[in-house]
Amino acid sequence: MEKRNARVFRNQETTIKAKDAEYIRLKPVGYPLKSTDEEDTPSLTTDDPKLFEAFAKTEWLGESVSKGDYLFDTIMYPDYAFRVEDVKPNPGRITKRTKIYLISPYSSKQTFKVKTKKKISFKDIVGQKEAIEKCMIIAKFLKNRKLMNSEWAPRNILFYGPPGTGKTMTAIALANYVKANFLSIKASELLGVFVGEGAKRIHQLFKEARKKRPTIIFIDELDVIALNRSYQSIRGDVIEVVNALLSEMDGLEDNTGIIVIGATNAEDVLDPAIKSRFEQMIKFSLPTYEERIQILKKYANGSPIPFIVKNWDIIASKTSNWSGRDLKEKIIKNAIHYAVLHNLRVIDDAVLQKILKMSKMESDSINFKHYA
Ligand SMILES: Nc1ncnc2c1ncn2[C@@H]1O[C@H](COP(=O)(O)OP(=O)(O)OP(=O)(O)O)[C@@H](O)[C@H]1O
Ligand SMILES: [Mg+2]
C-alpha cells in the first residue's frame, strides 16, 4: 500500500529517537485557518473508541510525537488538528500496540447543557394528562422547602415512551414552572470518551446541581448506558458510568432539592438495578385521534402561512401511531416548506393530503430499507 505523508507539527526534533508509545491522548482542536463566514468548526467525537484508534493508526502509525505536538487529519476532515495532550513515554512513537484515546470536546468545562430559556410550559403539551399530573406533585414538593427536605420528596423519576411524545418538553416545562435550574445530558455523550471521563462528567453534573437548587437533572437516552446486561456485552465505559450514576443517585452526598429525570424509549430493556432506583415511572403515550387533531391545529396556528383546513379529521385518521413530533415535523413543517416553494398564500386540505402522501411514502421507503 502506498504510504501517504502523514502531517505532523513537532515542537522539537528530539522525537526521532522516541521509544514506542504505550498510549497517547489526542484532543481535537480544529482547523488552523478558516474563512470568517464559514460555519462553526465541528467538535469531533467518536461513537466507538476502538474504531477511532484504528483510524488514527492508518493516519499516524510510525510517527514520533511529544506532548504539545499537533497531528493533522488528511482523510476525513483534512487539515483538522489534534493536539497531543499526553504521550507515554514522552516522546513516544505510535506503533500498532499504542493505545490512542480521543479526548472528548465535552471534557472541558462544558460538560452539560443548561437550559431554562426555552419558553415551554405545561399549557403547550397536548394530552399526557397523567404525566402532567405527576409533574404537578413533583412541582409542589420543589416549591415547598419543608416538603422537599422530608424523606418523602421525589428524587428519581423515569419518563418513558415512544420518541417524540413530549418527554423532553415536559421536563423543561416542569423546570420552568418551578423556576428550577435544568441541567441536561445525553447518556450517549458519556460513552466513547477517555477512560474515567464519563464517570467524571456524572460527578461534575451532580456537583454543579448541588451548587444551586432546586435543580432538575435530565438524563436523556438512559437506555444507552442502562441496558439490561443480557442485551449487551459488558463494556468497561458503560459500567464505569453506571456505577458513577448509581452512587450519585443513592445520594451519598446531600441531594436535597435535586431531582433526576431519566428519559428512555425502551424502558423494557433497562437494567433492573438502575430501574429500581427510579421511584416513579411516568408513561408517555402516542397521541389519540382527538389529540392528533389538537396537535396539528396547535402548530398550524403558529404558521407564518395561514392554514385554511376544513377536515383535520382526515389527516388525524390516517396518522395513528404518529407522535407529536411526527405531526409537527412531517405534516405542518413540510406543508409550510411546500407552500413557500410554490408561493402559496394559504395551505388548504389539498396541500395537506399531498404532504401526507409524500410523508407516508418516505417513511414506507425508510421502513423498507430498514427491513430489507
Ligand atoms: N404532546 C405534545 N404536545 C405538543 N407538542 C408535542 C407533543 N409531543 C411532541 N410534541 C412536539 O414534538 C417535539 C419533540 O418532543 P420531545 O422532544 O419532547 O419528545 P421526546 O419524547 O423527548 O422524544 P425523544 O424520545 O425522541 O427524545 C416537541 O418539541 C414538540 O414540538
Ligand atoms: Mg427527548
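Only the coordinates and a few stated rules stand behind these numbers; no lab work does. The structure presented is a predicted model; accordingly, all values stated were derived computationally and were not measured. Reconstructed Cβ throughout: ideal geometry from the backbone, glycine too, with neighbour counts over all protein chains shown.
Annotations for the structure displayed:
- Evaluated over the Cα positions of the stretch 7-103, the convex hull gives a direction-averaged projected area, one quarter of its surface, of 6.0 nm².
- Using a Förster distance of 56 Å, the FRET efficiency for Asp313-Leu61 (Cβ separation, nearest 0.05): 0.30
- Pairs spanning more than 28 Å between alpha-carbon atoms, out of Lys34/Lys330; Lys134/Lys354; Lys143/Lys211; Lys275/Lys360; Lys167/Lys207: Lys34/Lys330; Lys134/Lys354; Lys275/Lys360.
- Extension gain (nm, one decimal) between Phe9 and Thr288, 0.36 nm per residue minus Cα-Cα: 94.4 nm
- Shape category assigned to the stretch 113-283 from the gyration tensor of Cα positions, a/c cut at 1.5: prolate
- Of all DSSP bridge pairs formed entirely within the stretch 7-103, close to 70 percent run antiparallel.
- Global form of the stretch 289-371, assessed from the alpha-carbon gyration tensor, a/c cut-off 1.5: oblate
- Peptides 201-207, 354-360 ranked from most to least packed by the mean count of surrounding Cβ atoms within 10 Å: 201-207, 354-360.
- Residues in the stretch 289-323 that a label on Arg345 would reach, taking backbone N under 19 Å of a point 7 Å out along Cα→Cβ: 303-310
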